[in-house]
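What follows is a single structure, written as C-alpha cells, with notes after it.
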Amino acid sequence: MTVTALTVTVYVPRDAAAAAVGADDVARAIAAQAQRRGADIRLVRNGSRGLFWLEPLVEVATPAGRVAYAPVTPGDVQGLFDADFLRGGDHRLRLGRTEDIGWLAKQERLTFARVGVVDPLCLDDYLAHGGYRGLQRALEIGAAATVAEVTASGLRGRGGAAFPTGIKWQTVLDAPAGPRYIVCNADEGDSGTYSDRMLMEGDPFALLEGMTIAGLATGATHGYVYLRSEYPHAEATLAEAIDLARKRSYLGERVLGTAHRFEVEVRRGAGAYICGEETALLESLEGRRGQVRFKPPLPALRGLFGKPTVVNNVITLASVPGILDQGAAHYRDFGMGRSRGTLPFQLAGNIRRGGLVEKAFGLTLRELLYDYGGGSASGRPIRAVQVGGPLGAYLPESRFDTPLDYEAFAQGAAMLGHGGVVAFDDSVDMARMARYAMEFCALESCGKCTPCRIGAVRGVEVIDRVIAGRDRQRDVALLRDLCGTMIDGSLCAMGGLTPYPVLSALEHFPEDFGLRTHGKAA
C-alpha cells in the first residue's frame, strides 16, 4: 500500500486480549469515522503493548512520536476525531507519548522489543526493526559458533525448567548424523500466563527466526510449533507469517539463497495440560496419547520420531535472534547470578494493573506487585501470590522481597516457572486453594505413574478431611507424607510439583486449615 506524506497511521491491537474487550469494534469505528470525514489514515492492527487494564489502547503516529489513547470504546471514537486525535489532540483518554508511559518506560524489553510496535504480518516492518539480522549472523559464523554464542549468553529455558539452552543445542549438534528436529513448545497452559500468545500474535517472525537459527545451529531441517488449541488467533497469525517468510526465502529449501533448508509446521494440541511436558508433547506430536516418557534417553538424543530434538519454549526461541544480533554479552549483562537476561512476567489475578512486564531478573516480587501491578484490584491487602503456574508455591507477604531469580526461588521451595504471577487478596481461603492444586493434578494427570495418578486423588480426600476438622493433626501428617511420596516418586514435574502449593499453603497459612499458629488455636 502506498502511503502519502499526509497519511496518518493509527494502531489498534489485534491481540486476543484486546479483541476480547472490543478492539475489533474500535478499529471498525475508526475506519468508518475516517471515511465519513475524508481523513486519510492507515490502520495497522498491531500487537498489544501488554497494558491490559488499558485495552483497547489506540496509538496515533505523530511527528513527536506515537501518542496513546486508552481505554477506547467505539462510543469514544467520534469524540477522538472531534478532538483532533489524528494530530495528537487533547482528550480525556490521552496518555501522552506511548514510550513515556512509566509502566512501559521502566521495562527492559528485549524479547518483546517489537511487540506492539510493528505490524505483526508485515515482513518489511519486521526487517526495519532489526528482524532477521540474527539469522544473517548465524549464517555467517556457522553452527558451532552460533551454539557457542547462545551458550555464552546464559539463556535458559523460559518454559519453566530453566535448563541452559546452549547445552541442549550442543547435545543435538553433537548427536550422530541423521534427521534432527526443532520443536517449539507453545502449549502455554499455566494459570495467569499469556506471554507466548502475545509473542506469537504480536511478533510471529521473531519465533520463526529463532527456530530457523536453532535449525541451522543443530543441523535440523524441520521445525514444529506445538500450539494449544485455545489459541486460534495465534494459529492464524503464525500460518500467515510462515507463508510470508517462505515466499521471501526466510524459510524453505534454500534459506536466503544458501544451501540450508528449514521448514516450519504448526500442529494444534488438544487441550491436555500434561502436553506442556516435553516428552508428553512429543508423544502427542507423533499422534499418540499425551503421556510422559521415561528419561533417559533425553529428547536431545532420542526425541521426535526417535531422533535428536531441540524442545524449547516460545520465549526461549524468540530471544535467540536478539542474542545473535547484539551479541551474547549484551544479553548476559541483564539479570543476576545464573539467571541472565530478562523474563516476561505476567501479572494476573486480583491485581489492579494486569499485564506483561519484561524485566531483568533481580527485581523483587513486591516491586512487581506494587510498582507495576498497583496492588490488588479490590483495594484489599495482597495476602498470597502464586508464581509459576498451578504447580507453583503460594508465597505470603513476608516473601514478597525475594528477588525474582531461579535460584533464589528454588532455595525457598518455590519456582519462577513461565513467569506467571497470580495475586490473591486477604479474602482468599488458602485451604481451598491447596485443595484446588490437588484436584487440578487429579484431573490433568496423564495416569502413567502411581504417585501422581493415585496420590492426587487421595490428596483431595485428605484435604477435605482436614477442612472438615475430623482429626486434623493426623490428616495433616498424612498429607505431608503423601506429598513427600509424590515429590520423590512421580515420573515428571506434574506429580512432583503438585505438592508445592499444598505444602506452602500449610506452612504459610496454617490458620486456614484450622491449625494452631504460634501456639494458639486458629
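Scanning segment 98-116 for residues that are of a type outside the set (Lys, Arg) and open to solvent by 30 Å² or more (accessible area, probe 1.4 Å) returns GLU99, ASP100, GLY102, ALA105, GLU108, LEU110, ALA113.
Beta carbons closer than 9 Å, at least 6 apart along the sequence or on distinct chains, pair a first residue in segment 27-38 that is charged (D, E, K, R) with a second that is open to solvent by 40 Å² or more (accessible area, probe 1.4 Å) for ARG28/PRO74. Surrounded by 23 or more Cβ atoms within 10 Å (Cβ to Cβ), among the hydroxyl-bearing types (Ser, Thr, Tyr) and more than 18 Å from GLU108 (Cα to Cα) - does that describe any residue in segment 382-396? Among the residues of segment 382-396, at least one is surrounded by 23 or more Cβ atoms within 10 Å (Cβ to Cβ), among the hydroxyl-bearing types (Ser, Thr, Tyr) and more than 18 Å from GLU108 (Cα to Cα), which makes the answer yes. Checked against (1) under 23 Å from the mean Cα position of the chain (by Cα); (2) surrounded by fewer than 18 Cβ atoms within 10 Å (Cβ to Cβ); (3) aliphatic (A, V, I, L, M); (4) under 16 Å from ASP119 (Cα atoms), ALA18 passes all but condition (2).
The requirement of being modelled with pLDDT of 95 or more, closer than 24 Å to LEU347 by Cα and of a type in the set (D, E, K, R) is not satisfied by GLU240.
Of the residues making up segment 285-301, none is surrounded by fewer than 20 Cβ atoms within 10 Å (Cβ to Cβ) and assigned to a helix (DSSP H, G or I).
Here VAL502, VAL462, VAL457, VAL476 are screened, and the one residue that is in contact with a Lys or Arg (Cβ under 9 Å, 6 or more places away or on another chain) and either buried (at least 18 other Cβ atoms within 10 Å of the Cβ) or modelled with pLDDT of 90 or more (or both) is VAL502.
Only one of the numbered conditions (1) farther than 28 Å from THR498 by Cβ; (2) open to solvent by 70 Å² or more (accessible area, probe 1.4 Å); (3) aliphatic (A, V, I, L, M) is violated by ILE323, and that is (2).
Looking at this structure, is GLY337 touching a Gly at 6+ places or on another chain (Cβ under 9 Å) and open to solvent by less than 10 Å² (accessible area, probe 1.4 Å)? Considered against the rule, which asks whether it is touching a Gly at 6+ places or on another chain (Cβ under 9 Å) and open to solvent by less than 10 Å² (accessible area, probe 1.4 Å), GLY337 comes out as no.
Once segment 482-499 is narrowed to residues that are open to solvent by 20 Å² or more (accessible area, probe 1.4 Å) and among the aliphatic types (A, V, I, L, M), the residue that is farthest from ILE274 (Cα to Cα) is LEU482. For segment 428-454, filtered to residues that are touching a strand residue (DSSP E or B) at 6+ places or on another chain (Cβ under 8 Å) and open to solvent by 10 Å² or more (accessible area, probe 1.4 Å), the residue that is farthest from ALA493 (Cα to Cα) is VAL428. Could you check, for segment 370-381, whether at least one of its residues is in contact with a Gly (Cβ under 7 Å, 6 or more places away or on another chain) and either under 30 Å from ALA468 (Cβ atoms) or not small (Gly, Ala, Ser) (or both)? No: zero hits. Yes or no: THR151 surrounded by fewer than 24 Cβ atoms within 10 Å (Cβ to Cβ) and either in a helix (DSSP H, G or I) or hydrophobic (A, V, I, L, M, F, W, C) (or both)? Judged against the criteria, THR151 is a match. Take the residues of segment 219-229 that are modelled with pLDDT of 95 or more and closer than 23 Å to SER284 by Cα: which is nearest to the chain's Cα centre (by Cα)? Per the criteria, the residue is LEU227. Under the condition of being more than 19 Å from VAL460 (Cβ to Cβ), assigned to a loop (DSSP other than H, G, I, E, B) and acidic (Asp, Glu), the residues counted in segment 392-448 number 3. Put simply, of GLU253, GLU240, GLU230, GLU263 the only residue that is of a type in the set (Asp, Glu) and open to solvent by less than 50 Å² (accessible area, probe 1.4 Å) is GLU263.
Evaluation of LEU43 against the conditions (1) assigned to a strand (DSSP E or B); (2) open to solvent by less than 20 Å² (accessible area, probe 1.4 Å); (3) of a type in the set (A, V, I, L, M, F, W, C) shows that the sole unmet condition is (2).
Applying the condition of being small (Gly, Ala, Ser) and touching a Leu at 6+ places or on another chain (Cβ under 7 Å) to segment 418-433 and asking which residue is modelled with the lowest pLDDT yields GLY419. Please specify each residue of segment 58-77 satisfying the condition of being part of a loop (DSSP other than H, G, I, E, B) and surrounded by 16 or more Cβ atoms within 10 Å (Cβ to Cβ). Matches in segment 58-77: ALA70, PRO71, VAL72.
Mind checking whether some residue in segment 117-134 is open to solvent by less than 40 Å² (accessible area, probe 1.4 Å) and within 25 Å of GLY374 (Cα to Cα)? Yes: segment 117-134 contains one or more residues that are open to solvent by less than 40 Å² (accessible area, probe 1.4 Å) and within 25 Å of GLY374 (Cα to Cα).
From the list LEU139, LEU80, LEU95, exactly one residue is in a helix (DSSP H, G or I), open to solvent by 40 Å² or more (accessible area, probe 1.4 Å) and of a type outside the set (Lys, Arg). Which is it?
On the way: LEU80 fails: open to solvent by 40 Å² or more (accessible area, probe 1.4 Å); LEU95 fails: in a helix (DSSP H, G or I).
Step by step, each of LEU139, LEU80, LEU95 is checked, and only LEU139 is in a helix (DSSP H, G or I), open to solvent by 40 Å² or more (accessible area, probe 1.4 Å) and of a type outside the set (Lys, Arg).
Scanning segment 340-348 for residues that are open to solvent by less than 10 Å² (accessible area, probe 1.4 Å), in a strand (DSSP E or B), under 27 Å from MET200 (Cα atoms) and aromatic (Phe, Trp, Tyr) turns up at least one hit.
The values are calculated or read from the model by the stated rules, or taken from the named source; none is laboratory data. What you see is a predicted model, and the numbers here were worked out from it, not measured in a lab. Cβ sites come from the backbone with ideal geometry, for glycine too, and all protein chains shown count toward neighbours. We work out accessible area using only protein heavy atoms, side chains counted, and drop any ligands, DNA or RNA first. Shrake-Rupley method; radii C 1.70, N 1.55, O 1.52, S 1.80 Å.
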